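Everything on this sheet refers to the single structure shown next.
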Amino acid sequence: MKRIEVVITGIGLVSALGTSLEESWQKLILGKSGIQWYQPFPELSPLPLGLIGAKPTQLRRLTQMVVDSALQDAGLIAPLTDCAVVIGSSRAHQASWESLARQMYGQFSGAERLEDWLDTLPHMNAIATARQIGSTGAVIAPMAACATGIWAIAQAALLIQIGQYQRAIAGAVEAPITPLTLSGFQQMGALAKTGAYPFDLHREGLVLGEGGALFVLESRELAEQRQAKIYGQVLGFGLTTDAYHTNQPDPEGKGAIAAIKQCLERSHLKPSDIDYIHAHGTATQLNDRIESQVIKRLFPPQVAISSTKGSTGHTLGASGALGVAFSLLALEQQILPPCVGLQEPEFDLNLVMAAHHSHIQRVLCFSFGFGGQNVAIALSK
């Protein structure tokens, strides 16, 4: 049986760097950051955050923007009846639930209405997208902490590979700036005090950011038939779980190593075939140390590595999707994106300090979520 090749023909992206893929990419390769000081909630102290606007964004509106951008980029017009929808989020409509809870306890009068609570269930963002594009195909709404975005892309690719659909829209959207989320990460001691500095000796922790990235995935046959622009091909992916701890990665990175090996095997690649790795790189002490150990164990020293969370903030479930978008532009433009915020590397890796041209044919993107959910995806020109 002939293997169906899965290609990406459209990208929609909104981040703290900009409201379009092009704007975000241009600022990223210039080494700029969208992280600024904000106090979105008067009861909480000011913090460095990656907000898209002056105040926290609504999930519904953000998703609509990213969906519209992805379809426009792919040259597609709704309705798209036979298009699978695989859109995830690690927080989903949590902001709405917090707003409803405050109303119930009489703390304030918000825009949310209790009678609309069903619209705020975790899977309803994906359902709303199906309505937006007129799809009557499969709808999947994965939630896998920070691994959600790449997991969604992998699930969509699988639907196309098995021949169930020829087209899917997939990725993740996150609007996580809520009092509970900020308080929870602060209580854990995971939040940075001044900014995000992935792989840096003086890194402080993560900076929360909003954003989303969605992709139009198609069989190569369909994409070529309609003469679509092709950003790249999904070669393979790996998905594993540590089964170790609620929020700490396995100290030896066993689950992460298994996911990467699984991804390489499915993609028919060797570690030496990889030109660039978009790392998870959260700028937390544990993640960056263990991820560095994993990379050093598996890959030759010349592989280029960067994390873009110093630019966008950590968009939780959407972070891997943003990483895939930036990796596809790296392949298209043959430019390695920089590890913004990195001044003094702690680890002996080939970290990209400033954007530069390079021969890039195959890339990997990693996401390692709380609960030890690990995912890697391989992309090629």
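Brief remarks on what is shown
- Considering only Ala228, Gln248, Gly53, and ranking their Cα positions along the charge dipole of the chain that arises from unit charges at the beta-carbon of Lys, Arg, Asp and Glu, the one farthest toward the positive end is Ala228.
- Residue among Gln166, Phe185, His278 farthest towards the positive dipole end of the chain, charges placed on Cβ: Gln166
- The peptide list 112-120, 124-132, 142-150, 61-69, put in order of mean Cβ contacts within 10 Å with the highest first, becomes 142-150, 61-69, 124-132, 112-120.
- Helical contribution to [θ] at 222 nm, DSSP H n ≥ 4, -39,500 (n - 2.57), averaged over the chain, rounded to 500: -9500 deg cm²/dmol
- Relative contact order (%) - criterion: Cα under 8 Å, at least six apart; region: segment 237-380: 37
- Shape class of segment 192-343 from the Cα gyration tensor (axes a ≥ b ≥ c, square roots of the eigenvalues): prolate, since a/c reaches 1.5 or more and a/b is larger than b/c.
- q = 0.07, 0.09, 0.10, 0.16 Å⁻¹, segment 6-225: log10 I(q)/I(0) [Debye, one scatterer per Cα]: -0.24, -0.39, -0.48, -1.12
- Most tightly packed first, judged by the mean number of other beta-carbon atoms within 10 Å of their residues, the peptides 177-184, 166-173 read 166-173, 177-184.
- Working note: Karplus 6.51/-1.76/1.60 with θ = phi - 60° gives segment 60-70 the couplings 4, 5, 4, 4, 4, 4, 6, 4, 4, 5, 5 Hz, where Gly and Pro are set to x.
- Expressed to the nearest 5 percent, the antiparallel share of DSSP beta bridges inside segment 6-225 is 70 percent.
- Under the convention that each Lys and Arg Cβ holds +1 and each Asp and Glu Cβ holds -1, the size of the dipole of the chain around its Cα centre is about 360 debye.
- Among 28-37, 190-199, the order from most to least packed when residues are scored by Cβ within 10 Å on average: 190-199, 28-37
- Cα shape, the chain, gyration tensor, a/c 1.5 rule: oblate
- Shape call, segment 320-381: gyration tensor on alpha carbons, a/c limit 1.5: oblate
- Across Lys2/Lys270; Lys261/Lys296; Lys27/Lys193; Lys254/Lys296; Lys27/Lys229, pairs whose alpha-carbon gap is larger than 18 Å: Lys2/Lys270; Lys27/Lys193; Lys27/Lys229
None of the figures in this text is laboratory data; all of them are computed from the coordinates on show. None of these values were measured; they are calculated from a predicted model. Every residue, glycine as well, gets a Cβ built from its backbone with ideal geometry; the counts of neighbours run over all protein chains shown.
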